[in-house]
Protein chains: 2
Amino acid sequence: MNRMDSMRAAVLTEHGGPEALRLRTDWPRPEPAAGEVLVRVTAAAVNNTDIWTREGAYGLPGDPDAKAGWRGPIAFPRVQGGDIAGVVAGVGRGVDETRIGERVLVDPALYRDETPDAPPVGLLGSEADGGFADYVTVQAARAHDVSGSPLSDAQLAALPVSYGTALGMLERADIGAGEMIVVTGASGGVGLALVQLAAARGAQVIAITSGAKADDVRAAGAAHTVDRAAEDVLGEIRRCSQREVDAVADVAGGPLVAQLMPWVRDGGRWVIAGAVAGPVVDFDLRRLYLHNISLIGSSMHTRRHFDVLVDAARAGSVRPVVAASFPLEDLAAAQAEFRRGQHVGKIVVTLSGGTSGA
Amino acid sequence: MNRMDSMRAAVLTEHGGPEALRLRTDWPRPEPAAGEVLVRVTAAAVNNTDIWTREGAYGLPGDPDAKAGWRGPIAFPRVQGGDIAGVVAGVGRGVDETRIGERVLVDPALYRDETPDAPPVGLLGSEADGGFADYVTVQAARAHDVSGSPLSDAQLAALPVSYGTALGMLERADIGAGEMIVVTGASGGVGLALVQLAAARGAQVIAITSGAKADDVRAAGAAHTVDRAAEDVLGEIRRCSQREVDAVADVAGGPLVAQLMPWVRDGGRWVIAGAVAGPVVDFDLRRLYLHNISLIGSSMHTRRHFDVLVDAARAGSVRPVVAASFPLEDLAAAQAEFRRGQHVGKIVVTLSGGTSGA
């Protein structure tokens with residue numbers, strides 16, 4: 001292989017700690033197949049999904065402690081990175097060559113079928129190679145033209161996973177204007193996106209976050225914040241809401257599910273997209289079926305949701321907060337800072353030519 | 001009070017066993033208030049809800065062992081009985097007198113508000129007096145004209161709670177033609193209604209039931225039956241379905257929730273309306289949020305659902321199975337037979353003039 005065809009890439013060859021993700025400088029640059037584009041990556045954001053996939057922390061059905069990605073075993077070697085902004089650098093057969101040079105936001109989902117509401121059954125960086133690399137190939141239809149967007153490359157890269165996931169949650173739970181909702185993990189990537197997007201829809205957000213980040217979370221649009229370390233989180237929520245809440249948008253899971261469920265109104269919704277506080281919960285089914293409450297599992301977004309997000313990116317009507325940016329060589333440091341959790345907003349890796357402004 | 005104004009009624013004055021439900025012959029006959037009709041009850045079906053309300057088996061939020069009705073404390077004394085067919089015997093102010101003599105099917109739900117999709121927040125026999133009595137008063141709009149129905153009074157009385165609940169489940173989970181669904185408790189009141197209604201929509205039903213009742217459940221429309229006492233219920237379901245199922249319509253809850261959830265497809269639905277096999281379950285939230293599965297609590301029906309049921313009753317397109325009928329004096333025996341669980345179909349109390357044919 002000559003040097004022209006090689007590139008830098010963060011490659012996973014087995015499940016493990018940070019050392020398992022190796023930065024290679026001699027990785028083969030992929031060739032776009034028919035219907036694909038080659039994207040030169042300008043920015044790629046850091047997410048929990050990449051870290052959990054590296055660790056194999058998703059378990060398997062019937063074996064929660066097994067090492068696996070979110071869809072099952074990972075085919076190694078795998079280039080990680082699900083959040084990609086870039087520029088089209090090449091096209092495969094059947095794709096218009098005029099797309100070369102186009103600034104794009106990449107939808108990281110591999111969908112079950114061609115319908116607009118099909119669920120994702122795979123993700124770039126997990127079931128296919130991702131964006132922690134100089135180049136990535138994706139289906140042409142999943143690279144969305146954002147040439148006119150006022151957002152920086154880092155801001156664009158902040159959108160797909162976190163804001164896509166948040167939008168999917170709000171849409172699946174049909175959360176709208178005038179509703180009183182609780183958002184957990186509100187200073188995290190998905191949490192802050194939930195606060196911004198829900199407030200923009202006219203919902204009143206009670207955000208659960210650490211005390212130190214409360215000001216940032218209120219700046220993002222939360223009407224109230226509750227310190228997650230408070231002695232009586234439920235009591236604090238009840239004081240904020242005064243009445244039963246309409247919905248909960250939850251990325252935390254854990255004991256709060258049982259504690260707060262009785263404070264969700266009849267016909268209310270609890271939409272969940274993660275369970276960092278504990279995936280296995282003791283659960284009283286009666287609360288659900290006596291009060292017409294739905295517990296809605298929400299994995300990422302659909303094509304329909306992503307189109308809404310692309311429109312917002314083009315218009316600049318959503319302004320993701322970029323907490324910090326790092327060069328690809330410092331991906332391990334970026335993930336370490338992400339894990340320390342002192343930041344508010346997204347941590348982004350920028351590559352050659354990527355803009356990191358906010 | 002003179003004898004003309006008194007009636008027979010099964011009255012609950014405290015939570016307890018069968019002895020707590022006393023048959024009174026001197027109970028005051030209610031007067032229809034403005035907007036209400038007085039219904040002479042012809043048939044009233046037996047349901048778990050009445051028995052659990054008598055026992056106070058619903059628990060309270062945060063105190064699952066507390067004695068309470070499904071909505072909280074019961075206001076005693078209370079006439080029980082949620083499933084009512086009858087004839088209009090009087091009208092309150094503002095109700096057309098020509099309704100007197102009309103054969104009616106009573107919607108037992110007290111709705112949260114006036115919208116067609118409002119959830120029920122009360123039930124005749126629990127939050128208001130019900131139909132285990134010669135007379136009951138209900139809002140005129142909730143007594144639906146079924147003058148032309150080919151169904152017997154007992155068959156009509158079999159519909160509201162069981163078939164209304166089943167219809168609510170199928171509608172809320174959007175279960176339709178071509179889907180492969182599992183129905184639990186398939187020989188029970190709601191279960192058999194689910195089998196009949198789902199099969200009528202073109203769904204393929206895998207019914208979990210006791211072996212002795214399998215023939216009756218298949219006759220009601222199940223494509224497959226699985227013995228709930230089988231050593232490997234999950235394995236039997238997988239053999240029937242060959243692929244992951246689209247939805248589960250569940251009245252049982254218990255350990256099957258965790259066992260079967262991994263066999264629900266991406267984007268699948270688990271709709272639950274009861275938990276006779278155990279209300280508190282250990283639950284892995286990851287299965288929901290990684291696969292876009294919704295756990296939908298379903299309590300009874302909405303006005304919109306009940307209208308569908310009334311149309312079916314008028315047309316005779318649903319033919320509920322009546323397992324046995326008893327006079328009001330033998331209500332305790334009717335509930336005892338219901339509890340023994342050897343029957344398939346509904347057990348109904350018929351009153352003066354009620355027809356009990358199938």
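For the range B:181-192, indicate whether the set of residues that are within 19 Å of B:Val348 (Cβ to Cβ) and open to solvent by less than 10 Å² (accessible area, probe 1.4 Å) is non-empty. Yes: one or more hits. Close contacts from the range B:91-114, counting a first residue that is in contact (Cβ under 8 Å) with a residue 40 or more places away in the chain and a second that is part of a strand (DSSP E or B) and surrounded by fewer than 17 Cβ atoms within 10 Å (Cβ to Cβ), with Cβ to Cβ under 7 Å and a gap of 6+ residues or different chains, come to B:Glu102/B:Asp145; B:Val104/B:Asp145. When A:Arg24 is tested against (1) open to solvent by 60 Å² or more (accessible area, probe 1.4 Å); (2) closer than 26 Å to B:His291 by Cα, exactly one condition is not met: (2).
Please work out if A:Val226 is touching a helix residue (DSSP H, G or I) at 6+ places or on another chain (Cβ under 7 Å) and at pLDDT 95 or above. Considered against the rule, which asks whether it is touching a helix residue (DSSP H, G or I) at 6+ places or on another chain (Cβ under 7 Å) and at pLDDT 95 or above, A:Val226 comes out as yes. Only one of the numbered conditions (1) within 22 Å of A:Gly178 (Cβ to Cβ); (2) out of contact with any Asp or Glu (no Cβ under 8 Å at 6 or more places or on another chain) is violated by A:Val264, and that is (2). Within the range B:99-139, the residues that satisfy the criterion of being farther than 17 Å from B:Ser352 by Cβ, touching a strand residue (DSSP E or B) at 6+ places or on another chain (Cβ under 7 Å) and of a type in the set (Ser, Thr, Tyr) are B:Tyr111, B:Ser126, B:Thr137.
Given (1) closer than 21 Å to B:Lys346 by Cβ; (2) open to solvent by less than 10 Å² (accessible area, probe 1.4 Å), where does B:Trp52 come up short, assuming only one miss? The single condition B:Trp52 does not satisfy is (2).
Among the residues of the range B:289-297, is any under 26 Å from B:Ala200 (Cα atoms), within 12 Å of another protein chain (Cβ to nearest Cβ), polar (S, T, N, Q) and not in a loop (DSSP other than H, G, I, E, B)? Within the range B:289-297, one or more residues are under 26 Å from B:Ala200 (Cα atoms), within 12 Å of another protein chain (Cβ to nearest Cβ), polar (S, T, N, Q) and not in a loop (DSSP other than H, G, I, E, B).
With the structure loaded, tell me whether A:Arg304 is basic (Lys, Arg), out of contact with any Ser or Thr (no Cβ under 9 Å at 6 or more places or on another chain) and at pLDDT below 95 or whether it fails that test. For A:Arg304, the condition - basic (Lys, Arg), out of contact with any Ser or Thr (no Cβ under 9 Å at 6 or more places or on another chain) and at pLDDT below 95 - is not met. Of all residues in the range B:7-20, those being open to solvent by less than 30 Å² (accessible area, probe 1.4 Å) and part of a strand (DSSP E or B) number 5.
Is there a residue being at pLDDT 95 or above, hydrophobic (A, V, I, L, M, F, W, C) and over 26 Å from B:His144 (Cβ atoms) anywhere in the range B:265-275? There is at least one residue in the range B:265-275 that is at pLDDT 95 or above, hydrophobic (A, V, I, L, M, F, W, C) and over 26 Å from B:His144 (Cβ atoms).
So that you can scan it fast, the table gives a plain yes or no per residue for (1) buried (at least 24 other Cβ atoms within 10 Å of the Cβ); (2) closer than 26 Å to A:Ala312 by Cβ:
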position	(1), (2)
A:Pro64	no, no
A:Pro73	no, no
A:Pro77	no, no
A:Asp83	yes, yes
A:Gly94	no, no
A:Arg103	no, yes
A:Leu110	no, yes
A:Gly130	yes, yes
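Looking across the range B:338-358 at every residue that is open to solvent by 60 Å² or more (accessible area, probe 1.4 Å) and at pLDDT 90 or above, the one that is nearest to B:Trp52 (Cα to Cα) is identified as B:Arg339. Of all residues in the range B:298-311, those that are in contact with a helix residue (DSSP H, G or I) (Cβ under 8 Å, 6 or more places away or on another chain) and more than 26 Å from A:Leu295 (Cβ to Cβ) total 1. Selection of first residues in the range A:230-249 that are in contact (Cβ under 8 Å) with a residue 24 or more places away in the chain and closer than 12 Å to A:Ala207 by Cβ and of second residues that are assigned to a helix (DSSP H, G or I) and among the β-branched types (Val, Ile, Thr), restricted to Cβ pairs under 7 Å at least 6 apart or on distinct chains, gives an empty result. In the set B:Ala275, B:Ala252, B:Ala230, B:Ala258, which member is within 11 Å of chain A (Cβ to nearest Cβ), part of a loop (DSSP other than H, G, I, E, B), over 14 Å from B:Val183 (Cβ atoms) and not hydroxyl-bearing (Ser, Thr, Tyr)? The unique qualifying residue is B:Ala275. Can you name every residue in the range B:193-232 that is under 21 Å from B:Ala275 (Cβ atoms), among the hydroxyl-bearing types (Ser, Thr, Tyr) and open to solvent by 10 Å² or more (accessible area, probe 1.4 Å)? Across the range B:193-232, the qualifying residue is only B:Ser210. The sole residue among B:Arg269, B:Arg243 that is within 14 Å of chain A (Cβ to nearest Cβ), at negative phi, under 22 Å from the mean Cα position of the chain (by Cα) and open to solvent by 10 Å² or more (accessible area, probe 1.4 Å) is B:Arg269. Scanning the range B:51-81 for residues that are in contact (Cβ under 8 Å) with a residue 60 or more places away in the chain and outside any loop (DSSP other than H, G, I, E, B) gives B:Ile51, B:Thr53, B:Arg78, B:Val79. Can you pull out the residues in the range A:98-147 that are modelled with pLDDT under 95, under 20 Å from the mean Cα position of the chain (by Cα) and of a type in the set (Asp, Glu)? A:Asp117 - this is the single residue of the range A:98-147 that is modelled with pLDDT under 95, under 20 Å from the mean Cα position of the chain (by Cα) and of a type in the set (Asp, Glu).
A:Phe283 fulfils the conditions (1) out of contact with any strand residue (DSSP E or B) (no Cβ under 9 Å at 6 or more places or on another chain); (2) facing chain B (nearest Cβ under 7 Å) except for a single criterion, (1).
Does B:Thr42 fit the bill of being within 14 Å of another protein chain (Cβ to nearest Cβ), crowded, with 22+ Cβ neighbours inside 10 Å and not aliphatic (A, V, I, L, M)? No, not satisfied. For the range A:309-319, the candidate set comprises residues that are crowded, with 17+ Cβ neighbours inside 10 Å and either at pLDDT below 95 or hydrophobic (A, V, I, L, M, F, W, C) (or both); within that set, the residue that is nearest to B:Asp284 (Cα to Cα) is A:Leu309. Taking B:Ile84 as the residue in question, decide whether it is out of contact with any Phe, Trp or Tyr (no Cβ under 7 Å at 6 or more places or on another chain) and in a helix (DSSP H, G or I). For B:Ile84, the condition - out of contact with any Phe, Trp or Tyr (no Cβ under 7 Å at 6 or more places or on another chain) and in a helix (DSSP H, G or I) - is not met.
Just to verify a result, which residue in the range A:69-108, among those that are more than 14 Å from every other protein chain (Cβ to nearest Cβ) and of a type in the set (Lys, Arg), is nearest to A:Val348 (Cα to Cα)? Result: A:Arg103.
The values are calculated or read from the model by the stated rules, or taken from the named source; none is laboratory data. Because the structure is a prediction, the values reported are computed rather than measured. Methodologically, a virtual Cβ is constructed for each residue, glycine included, from the backbone with ideal geometry; neighbour enumeration extends over all protein chains shown. Just the protein is used for accessible areas: all its heavy atoms, side chains included, with ligands, DNA and RNA removed. Shrake-Rupley method; radii C 1.70, N 1.55, O 1.52, S 1.80 Å.
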